[in-house]
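Comments concern the structure below.
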Amino acid sequence: MPGPVPWFCNPVAPNSVTGPGMGTVNFYEGQTRSPLDYTSCRSVGRSFDQAKAFAEQYPTLGAAEDAGFRSTFGFIPGMGTHHGRGVITPAMLADPNFDRDNPEMPAGSNVDRVFDPTTPEFLQYNGNTRDAVLVGMSYYVRTDNGLPPEGFPGNNDWWHHHPTLCFRPATAQAFAAAISDSSCASQGGINVKMNDYYMLHVWLVDDLEYHDDVHAPMHPCIKSGGAIFDMNDPCHHSAMPMTAHAM
């Protein structure tokens, strides 16, 4: 008989999809998370192996940028950077035909309406320099029904979104989330409505796995000075605020 499922199928840390930087709608109200059944866990494990192998092709920020990944968010303690391919560009923000209220990614973007569990859309690094190393990865998927994508088997992958992202026009790097148009403009930014785009973090990097919840909004071992690659460090069982992108 199959035994207990491994850590990545059994979240024990609190998780929330609302809070600073995120929206106010709890898509999972009244739902709870619990250990996956053995068959679902095997399926998730296979996908995680493939997703990790994909991310490990780009062990440093420099390798990712050389492969066409661009920074959409600079380094944030608890998460690292967010680097994606085919994301919003300065040219798009300057284009009068770009619909800031209903943005579409460029043709060929890997950010689309398809959830591919083997290929996360964003890679995360422990600093803003080219030698920064991989700390995590994220899925980012658009839907048109006002709900997150179905995602993985079971009910442990709680997706969050950022109703707006405020971008710097010259770099197309976001620096604030869920702020008003006027507040964004006062800081020299351009607000883009991202209601229909949903994100899910995955913490699988060697010596930086987050065993309390592989999908936690933030990782307690990604500090302001970098990441702590030591599974024996107490940070791996510390509580983080249940928020994402708390700028």
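The values are calculated or read from the model by the stated rules, or taken from the named source; none is laboratory data. Remember, predicted model here, so these are calculated numbers, not experimental data. Neighbour counts are summed over all protein chains in view; Cβ atoms, including those assigned to glycine, are modelled from backbone coordinates with ideal geometry.
Odds and ends about this structure:
- Meets criteria (more than 25 Å from residue 49 (Cα to Cα), of a type outside the set (D, E, K, R) and modelled with pLDDT of 95 or more) for residue 92: yes
- Screening segment 56-95 for residues that are under 20 Å from residue 202 (Cβ atoms) and of a type in the set (S, T, N, Q) and picking the one that is surrounded by the fewest Cβ atoms within 10 Å (Cβ to Cβ) gives 57.
- Filtered residues of segment 1-26 (kept if touching a Ser or Thr at 6+ places or on another chain (Cβ under 9 Å) and of a type outside the set (S, T, N, Q)): 2, 5, 9, 11, 19, 20, 21, 22, 25
- Options 220, 163: the member that is within 28 Å of residue 102 (Cα to Cα) and modelled with pLDDT of 95 or more: 163
- In segment 115-173, the qualifying residues are those that are of a type in the set (Ser, Thr, Tyr) and outside any strand (DSSP E or B), and the one that is surrounded by the fewest Cβ atoms within 10 Å (Cβ to Cβ) is 129.
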